[in-house]
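Okay, so here's the structure we're looking at.
FYI, it's all coordinate maths here, none of it is from the lab. On a predicted model such as this, the values are computed, not experimentally measured, just so you know. Here the Cβ positions follow ideal geometry from the backbone for every residue, glycine too, while neighbour counts run over all protein chains shown.
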Amino acid sequence: MKRQLYNYAGIIILYILYNQFFRVEDEKTNAIINILFASFLFGYIAYMAIVVLRKMKK
């Protein structure tokens, strides 16, 4: 479970770094990238929840 949490923390750091330093000039493209990043973050949360539920079942 530690590995998943480290990966999640890394993804959050990448998201923050992107928004602080590597922002795209075009506002629409930037919004699309932010939406995709946020969707991936929520998907990863769902994946971690599934892993936890499987471990609890055993």
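Worth a mention:
- Whole-Hz couplings from phi, Karplus 6.51/-1.76/1.60, listed for the stretch 2-16; x for Gly and Pro: 4, 4, 5, 5, 5, 4, 5, 4, x, 5, 5, 4, 4, 4, 5
- Over the Cα atoms of the chain, the radius of gyration divided by the Kirkwood radius equals 1.13; this is the Rg/Rh ratio.
- Spin-label model, Arg3 to Ala49: label points 7 Å out along the Cα-to-beta-carbon direction sit 2.3 nm apart.
- Rounded to whole Hz, the Karplus (6.51, -1.76, 1.60) HN-Hα couplings of the stretch 33-43, x for glycine and proline: 5, 5, 5, 5, 4, 5, 4, 5, 4, 5, x
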